[in-house]
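The block underneath contains the structure these notes are about, expressed in structure tokens.
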């Protein structure tokens, strides 16, 4: 269960922020965050994994209160519990496909790189259609293949929380559908809670829940634009 | 750490040309000062070792440096020669053993050293192949000369004229290699040794030709080994002198003039004891003496002082160069980190420690420095093995 209570977050530089009085997402659910660019979708994703820290309020994941964790503990939470897929893939071009998938293990000594892990990489790559591409350079891959590598990287740690920030923004319709199918399929296999930020309204029917940032009153989220926060009532699913 | 090392390795390999340029710059920065130090240490050591083993040198008055370098390394040419009578004078004084040297000509770029058999025993030079010189025209060659010219005992070796444009100068003489000296890791390995008579024949003071007739011999024949100042010859100027000394023509070789006035370029003087050394030095104190005596070690020490000053100057230059290289490397790292901000942002979002960036850059620098150190060591080792004279240019 992901729980947010009385959360208020505001950027220092422009005063923009979010205010969420209450949000409860059960484990394994899929949530679409929709709305125009700059409306706060990425901010919410960052808050959910501890990249951004709220000014007030609480975020709990499976009972762990993120807001009470220090920086190191939040990083440990991210690497062990969350997997992130980015719009621009954010792959390291100097690593091959296999090494990109293993990046969380290469960056964090708390994750042990074992034979089992390598086997998992092969299986995961196989399931994502990357089985024959493991030793390829990133430069040699198509857009769709790159995004699949990014998804594999997010899934390799078996995260309970899968976050995708506009993962289909740069893809054509066919590839977009493939990628979304894959995300749902893998989230279901790993029983992960999926949060996906998107401005593509054609996808929202597939999600268990939609938080529309363009209708803040309905979603229980208030956008702060250099104004005092006015918490909105609780929203139950 | 293994993961960071892999990332560093992969990043450097991905930008391999950039990395190669950095390694080349760092290698030069490491190689030049260390190479200079090794080079200078070897240079100074060998310079003094050779000088230490040579107590005194006598030669014509002039530059002390020229005389020292000439007698120790067969390098520079003294402005004037002295005579063999000077060597006889030293020997007859009973104060020192005199070993004459006449080094003016070359054979295939190697100096031809005219001397006596005493020189070989003085320098502990051993004949590794063949035998020492016995006949006029025989030569012993240093090990490097034998290797470089692929010569073995029995082969011929031509001398080079002193000046190819001097039509009245001496003609080239074909010498016969009688033996090859064992390697001594000294300038002796690069020289060709002949006895004094052969050296003077090369210089044109003695020669032989078909129509030579020794008037003092009743039967008209002579033996080259029995040449004396009193012998008189008549020559046919239309017949060219021999350019090779063989068993058949050796008897026709003869010298002109007073043998006491025959030139030597330097005389190694080995005093019997300290008192003899002091007494011998005292004999050359007069300002108008046409000869001079030097202690090579003192002269070489002066030379070493100059080498040390040059080395200090170069070291200061290298320190400045190292500072500039390090500053540029620092700038390069800062720019590289800025260019990689997006990569690092991704790493942070995934959950990596902020120190990973430091570790990553540190690892990359470590790899670059280790690689540069290895390349520098390899180059120094390679140069020392491939070019033995790298540590000893004299």
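Per residue of B:351-359, count partner chain C-beta atoms within 10 Å of its C-beta, then hand back the mean as an integer.
Values: counts 20, 8, 9, 3, 0, 4, 0, 0, 1.
Taking the mean over all residues of the peptide, I get 5.
When B:306, B:205, B:30, A:151 are arranged by Cβ crowding within 10 Å, least crowded first, meaning fewest neighbours, the order is B:306, B:205, B:30, A:151. Only Cα sites of the stretch B:1-148 enter the Debye sum here, all with the same form factor; the resulting log10 I(q)/I(0) across q = 0.10, 0.13, 0.20 1/Å is -0.57, -0.77, -1.39, listed in q order. Which whole-number percentage describes the relative contact order of chain B, with Cα contacts under 8 Å and a sequence gap of 6 or more? Worked out over chain B, it gives 27 percent. Per residue, the convex hull spanned by the Cα atoms of the protein assembly as shown measures out at 252 cubic angstrom. Taking the C-alpha atoms only, the angle from helix A:71-81 to the longest principal axis of chain A is near 60 degrees. Against the main long axis of the alpha-carbon atoms of chain A, helix A:173-190 sits at an angle near 90°. DSSP beta bridges fully contained in the protein assembly as shown are about 65 percent antiparallel.
Remark: C-alpha extents of the stretch B:28-95 on the principal axes read 56, 25, 14 Å, sorted largest to smallest. The GNM of chain B, with springs linking C-alpha atoms under 10 angstrom apart, assigns the highest mean-square fluctuation among B:336, B:93, B:53 to B:336. Of all the options A:38, A:83, A:169, the one that moves most in a Gaussian network model of chain A with Cα springs shorter than 10 angstrom is A:38.
GNM remark for chain B: springs join alpha carbons under 10 Å apart, and the peak mean-square fluctuation among B:253, B:74, B:102 falls on B:253.
Treating each Cα of the stretch A:60-181 as one equal point scatterer and applying the Debye formula with no solvent, the log10 of I(q)/I(0) at q = 0.18 Å⁻¹ comes out as -0.96.
Direction-averaged projected area, Cα convex hull, chain B: 27.4 nm², rounded to one decimal. As a rough footprinting exposure proxy, the listed residues B:317, B:159, A:67 were ranked by other beta carbons within 10 Å of their own, and the order from fewest upward is B:317, A:67, B:159. Relative to the dominant Cα principal axis of chain B, helix B:341-350 is inclined by about 50°.
Pairs of alpha-carbon atoms within less than 8 angstrom and 6+ residues apart define the contacts here; what relative contact order does the stretch B:1-121 have, in percent? Kindly include the intermediate steps, with their values, before the conclusion.
Values: 70 pairs, mean separation 13.9, N = 121.
Reported relative contact order: 11 percent.
Spatial offset of the stretch B:130-149 relative to the stretch B:112-127 amounts to 11 Å, using the alpha carbon center of each.
For chain B, what is the percent of antiparallel DSSP beta bridges, rounded to the nearest 5? Could the numbers behind the result be given before it?
Numbers: 33 of 42 bridges.
In chain B, DSSP labels about 80 percent of beta bridges as antiparallel.
How big, in percent, is the set of alpha carbon pairs in chain A lying more than 28 Å apart? Let's see the in-between values first.
Values: 8692 of 27966 pairs.
More than 28 Å apart: 31 percent of the Cα pairs in chain A.
Distance from the alpha carbon centroid of the stretch B:269-316 to that of the stretch A:45-99 works out to 79 angstrom. Structural descriptor for chain A: relative contact order 33 percent, calculated from alpha carbon pairs under 8 angstrom and at least 6 residues apart. Ranked by how many other Cβ atoms sit within 10 Å of their own Cβ, fewest first, the residues B:81, A:14 fall in the order A:14, B:81.
Residue by residue along A:99-110, Cβ atoms of other protein chains within 10 Å of the local Cβ number 5 on average.
Please express the shape of the stretch A:1-50 as an equivalent ellipsoid: the semi-axes are the square roots of 5 times the eigenvalues of the C-alpha gyration tensor, given largest first in whole angstrom.
Values: eigenvalues 82, 37, 16 Å².
Result for the stretch A:1-50: semi-axes of 20, 14, 9 Å.
Spatially, the stretch B:1-52 and the stretch A:114-190 are offset by 44 Å when compared through their Cα centroids.
Provide the percentage of antiparallel DSSP beta bridges, counting only those with both residues in chain A; round to the nearest 5.
Rounded to the nearest five, the antiparallel share is 55 percent.
Computed per residue of chain B from DSSP H runs no shorter than four, each worth -39500 (n - 2.57), the mean residue ellipticity at 222 nm is -15500 deg cm²/dmol.
Where a number appears in this text, it was derived from the coordinates with a stated rule and is not lab data. Keep in mind it's a predicted model, so treat the numbers as computed, not measured. Positions of Cβ are backbone-derived with ideal geometry, glycine not excepted, and every protein chain shown enters the neighbour counts.
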